[in-house]
Amino acid sequence: MRERLLAAEKTTSIEWRGDHLCLLDQRQLPLQVVWQRFDSAASVAQAIRAMVVRGAPAIGISAAYGVVLGLRERLNRGGDWRAALDEDFAILAGSRPTAVNLAWALGQMRERLARLKPGEDALAALEAQAVAIHQSDREANLAMAQFGVELIRKFNSAEQSFLTHCNTGALATGGFGTALGVIRAAHLDGLVERVYADETRPWLQGARLTAWELANESVPVVLNADAAAAHLMKTRSISWVVVGADRITANGDVANKIGTYQLAVLAMHHGVRFMVVAPSSSFDMAMETGDDIPLEERPAIELLELAGQRVAADVPVFNPVFDVTPADLIDAIVTEKGVVERPTADKLARLMSRSRLH
Ligand code: MRU
């Protein structure tokens, strides 16, 4: 399976070029494929805030490279580079609040910094750390894809239909995806009849990104309005809702793209299984429950306008872009360390204490 998955890996969205970072500008997809170049930590933080790059693992990886760019800049300027680099860490950490992968990746970079030996080349060490974060996410995607397919097969080894939300593919990660990685692998394994992609209002990650990624790989994909989900579950045979995560707390609550919670409620009502796929970098074991997760709210304009055209009446707007799905609505959480069915705090603590199985 690993070789088949690697051979199917086509899209990338993050490219490190040694002295600068290139990001595929996700705001312009699917109409244009445009890469942007970044040379500073501040510009990477701005790219994360503006959603040039988005998706929890991709945000973390980009921030790690942002630290390398920050260090290069600080070293060139001379003076107390450690104090100056702290400012870059702070700007990057503040770029988006919900995905814990950002804090996790910055924590890894800080830890590497703290371990520098006297005379060691700081730039080379931090660059190697960022590349390792990127590479380990790719490996995690491969492991999760295999675990996810095993889980699907455990219940049904025939072709079946899936519903997914937001974008969790190559555009959102360092590899070919979390939830979408499982779906891709299931397709290669002959388990996919159809993938329904929620359009994912208001930013349209499903319509613009997931539909594009799946269509590029000839995975049978059908786009539906978010509001069609209940009707879809009632009238079409859907085996699994498969989604990613921006943060999973110690008790198994999951923050993910707005609309995920209602899908979990609907899935429970209709007897559809609900799978969350996320690497251990998306876990926040220090946070007990999802009640404490900071949930980003984005500007009103995302609802008031469509493609730059005003479409809404002039009223106040509520635009939270993440919600929290309680653990008891989740059938399985798939990670690179293994799978937890019917997640509880104890099961997750045991899983997270394991080293990676691959
Ligand atoms: O606002 P976004 O596009 O960054 O939100 C992305 C999601 O909610 C994804 O489902 C999540 O980050 C998992 S990506 C592998």
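Note on the chain: with charges restricted to the Cβ of Lys and Arg (+1) and Asp and Glu (-1), its dipole about the Cα centre is near 560 debye.
Checking every one of the trypsin sites (Lys or Arg not before Pro) in the range 110-152 against DSSP loop status and a limit of 15 other Cβ atoms within 10 Å picks out ARG115. May I ask you to list the residues of the range 317-333 whose amide nitrogen lies under 12 Å from a point 7 Å from Cα along the Cα→beta-carbon direction of HIS269? Those under the cut-off are none; the list is empty. Just to confirm the number: angle between the C-alpha axis of helix 179-188 and the first principal axis of the chain, 0 to 90 degrees, nearest 10? So the inclination is approximately 60 degrees. Between PRO118, PRO220, PRO97, the GNM of the chain built on Cα springs shorter than 10 angstrom shows PRO118 fluctuating the most. The charge dipole of the range 166-250, taken about the Cα centre with unit charges on the Cβ atoms of Lys, Arg (+1) and Asp, Glu (-1), comes to about 160 debye, rounded to the nearest 20. Taking the helices alone, the chain has a mean residue ellipticity at 222 nm of -13000 deg cm²/dmol, built from -39,500 (n - 2.57) per DSSP H run of at least 4 residues and averaged over all its residues. Extending 7 Å from Cα along the Cβ direction at CYS22 and again at ASN216 yields two label points whose distance is 1.4 nm.
Distance check, please: which entries in LYS10/LYS234; LYS10/LYS347; LYS10/LYS257; LYS234/LYS257; LYS117/LYS337 exceed 27 angstrom between their Cα atoms? Over 27 Å apart, Cα to Cα: LYS10/LYS234; LYS10/LYS347; LYS117/LYS337. Restricting the GluC sites (Glu not before Pro) of the range 74-157 to loop positions (DSSP other than H, G, I, E, B) with no more than 10 neighbouring Cβ atoms within 10 Å leaves GLU120. Seen against the Cα atoms of the chain and their longest principal axis, helix 260-270 is set at about 20 degrees. For the range 86-209, a crude dipole built from +1 on the beta carbon of Lys and Arg and -1 on the beta carbon of Asp and Glu, taken about the Cα centre, is about 260 debye to the nearest 20. Between GLY181, GLY55, GLY79, the Gaussian network model of the chain with springs among Cα atoms under 10 angstrom shows the greatest mean-square fluctuation at GLY79. The spacing between the range 218-258 and the range 179-215, judged by their C-alpha centroids, is 10 Å. Starting from the Cα of ARG2, move 7 Å in the Cα-to-Cβ direction to define the label point; list residues of the range 133-174 whose amide nitrogen is under 17 Å from there. 135-150, by backbone N distance to the label point.
Any idea what angle helix 81-93 forms with the longest principal axis of the chain, computed on alpha-carbon atoms, 0 to 90 degrees, nearest 10? Orientation of helix 81-93: about 20 degrees from the principal axis.
Label-to-label distance for VAL131 and ALA230 is 5.2 nm, based on points extended 7 Å past Cα in the beta-carbon direction. Applying 1/(1 + (r/R0)^6) with r as the Cβ-Cβ distance of GLU87 and ALA50 and R0 = 25 angstrom yields a FRET efficiency of 0.80.
For the chain, averaging the sequence separation of C-alpha pairs within contact (under 8 Å, six or more residues apart) and dividing by the residue count gives a relative contact order of 16 percent.
Sorted into 20 angstrom bins from 0, the C-alpha pair distances of the chain split as 31, 58, 10, 0 percent.
Just so you know, all these numbers are worked out from the coordinates, no wet-lab data involved. Treat the numbers as computed from the prediction; the structure is a model and nothing was measured. Glycine also receives a Cβ, built like all others from the backbone with ideal geometry; neighbour counts cover every protein chain displayed.
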